[in-house]
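Peer 1: This is the structure, below, for whatever I ask next.
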Amino acid sequence: MALAKGLLAEGYLGEKKELAQDPWPELYEAMRMGLIMQGKVSGIEKDKEGTKFVVFLGPIKGIIPESELGGSEGERPQIALGSTIAFKVKHCDRANNIVYLSRKDAIEEMSGRTWQELRNEAKELISLSKKVRELQAKLNPPANEGEEAAAKAEISDEEKEKIRQKIAELKEKMKEVGPVRTCVVKHVTRRGAYIDIGGVQGFIPRNEISWGYVEDPKDFLQRGDALDVKLIDISEEGITASIRLLLPDPWENVETKYKKDGAYVGKIVKEVTRGMIIELEPGVMGFAPHLPFGNPFPGSEVLFRVRKIDPEKRRIRGIVVKVLRRAG
């Protein structure tokens, strides 16, 4: 029960409704100072000048012309109704209650700051990424090189294998040294998720979303999700990031949880040429050969008997001894 002193209006418990303030002073200040603001896209208009995105700033209409969108053509489908975008105020037309905004200017400043920060805090990752690309170029020299240059670049199968091993070692190191940054999901596809990291476009591959089997990234991520990711590759083309590496590794205690000749409940997640992939838990998969009378559909629950565990290669082999529940 709230106790109020003095002669107050009946029903008043000490909290007053805040009345809407005039937003024009803030907008003029943002324009003068070059401040970055954010708002939700509430409409899309088209006229002879092209497509315009509408952002309502209280009672004021904000317009972002197509020429002020910024980013690459591939990014623009990610700007949809309801998405939150960054912008700067370019011009205030108070007489018509309109402000003209620029996403391009905001993104350029944000990405410039982000790249500067990354060059300082991710020097080792950037260096390793560069080395990997140099080695990959040795394996796959550019097609436009002349025959003489291509002949000089020819390397033996043994040397190619050494290069592949070196690339694998460097990529493992890259997963260790990359910094953690906050991102926002902009677009999700079957391949993974496109993200924004301080104005810089990045990508989370499907296999870096979870330790477990990811059939559809949309089951895990949605547009507008904000989350931390670990950067695992940085180049001029963009950034590759991982969610999985920030999650507990299920293989750390596999040998204590599963034993040879033990039988465990699992789910068929995929059928391959020589058998089935069985998920015992997210990130822990087992392989079983085909059943003699045909395999159950993916999604079926089975009893999987372990025959061999190889922690180093992260592999478990076994057989399906019983179908517990059939899918489909």
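Just so it is clear, none of the values below were taken in a lab; they were calculated from the coordinates. No experiment lies behind these values; they were computed from the predicted model shown. Glycine also receives a Cβ, built like all others from the backbone with ideal geometry; neighbour counts cover every protein chain displayed.
Peer 1: Roughly speaking, what is the stretch gain from Ala95 to Arg113, that is 0.36 nm per residue apart minus the C-alpha to C-alpha distance, in nm to one decimal?
Peer 2: Gain on stretching Ala95 to Arg113: 3.0 nm.
Peer 1: Nearest 20 debye, what's the magnitude of the dipole of the chain about its Cα centre given +1 on Lys and Arg Cβ and -1 on Asp and Glu Cβ? The partial results should precede the final answer.
Peer 2: Numbers: 55 positive and 52 negative charges, 253 e Å.
Computed charge dipole of the chain: roughly 1220 debye.
Peer 1: Could you state the angle between the C-alpha long axis of helix 103-121 and the longest principal axis of the C-alpha atoms of the chain, as a value from 0 to 90 degrees rounded to the nearest 10?
Peer 2: Once rounded, the angle reads 50 degrees.
Peer 1: Using a Gaussian network for the chain with springs between C-alpha atoms less than 10 Å apart, which of these wobbles most: Ala193, Ala241, Ala30?
Peer 2: Ala30
Peer 1: Let me ask something additional. With respect to the cross-link table entries Lys175/Lys308; Lys230/Lys260; Lys138/Lys173; Lys257/Lys322, which display a Cα-Cα separation exceeding 24 Å?
Peer 2: Long pairs (Cα-Cα over 24 Å): Lys175/Lys308; Lys230/Lys260.
Peer 1: Between Arg32 and Glu134, what length in nm is gained on full extension when 0.36 nm per residue of separation is reduced by their alpha carbon distance?
Peer 2: 32.2 nm
Peer 1: If neighbour count is taken as other Cβ atoms inside 10 Å, put Cys183, Cys92 in order from fewest to most.
Peer 2: Cys92, Cys183
Peer 1: Show that you can apply the helix-only estimate: for the chain, add -39,500 (n - 2.57) for every DSSP H stretch of four or more residues, divide by all residues, and state [θ] at 222 nm to the nearest 500.
Peer 2: The helix-only estimate for the chain comes to -7500 deg cm²/dmol at 222 nm.
Peer 1: For each of Ile155, Ile234, Ile60, count neighbouring Cβ atoms within 10 Å of the residue's Cβ, then give the residues from fewest to most.
Peer 2: The order, fewest Cβ neighbours first, is Ile155, Ile60, Ile234.
Peer 1: Could you name the lysines whose alpha carbon sits less than 16 Å from that of Lys186, not counting residues in the same chain fewer than 8 places away?
Peer 2: In chain and number order, the partners are Lys40, Lys218.
Peer 1: Based on the Cβ-Cβ distance of Ile163 and Trp251, what FRET efficiency does E = 1/(1 + (r/R0)^6) give at R0 = 41 Å, to the nearest 0.05?
Peer 2: 0.90
Peer 1: I would also like to ask the following. Using 0.36 nm times the number of residues separating Lys40 and Thr182, minus their current alpha carbon distance, what extension gain do you get?
Peer 2: My answer for the length gained is 49.2 nm.
Peer 1: Can you run phi through the Karplus equation (6.51, -1.76, 1.60; θ = phi - 60°) for region 294-303 and list ³J(HN,Hα) in whole Hz, with x for Gly and Pro?
Peer 2: Going residue by residue, I get x, 8, x, 5, x, x, 6, 9, 9, 9 Hz, with x marking Gly and Pro.
Peer 1: Please state the charge dipole magnitude for region 24-108, taken about the Cα centre, from unit charges on C-beta atoms (+1 on K and R, -1 on D and E), reported in debye and rounded to the nearest 20.
Peer 2: Computed about the Cα centre, the dipole is about 160 debye.
Peer 1: Any idea which of Ala226, Trp251, Leu291 is furthest toward the positive side of the dipole for region 190-327, if Lys and Arg beta-carbons carry +1 and Asp and Glu beta-carbons -1?
Peer 2: Leu291
Peer 1: Among Gly212, Val184, Met276, whose Cα lies farthest out toward the positive end of the dipole of region 173-328, if unit charges sit on the beta carbon of Lys, Arg (+1) and Asp, Glu (-1)?
Peer 2: Met276
Peer 1: Shifting gears a bit: What does the charge dipole of region 171-328 about its Cα centre add up to, to the nearest 20 debye, if the Cβ of each Lys and Arg holds +1 and the Cβ of each Asp and Glu holds -1? Before the final figure, lay out the partial values.
Peer 2: On the way: 28 positive and 22 negative charges, 156 e Å.
The calculated dipole for region 171-328 is roughly 760 debye.
Peer 1: Another one. What order do you get for Leu245, Leu280 when you list them from fewest to most C-beta neighbours inside 10 Å?
Peer 2: In order of increasing Cβ crowding within 10 Å: Leu245, Leu280.
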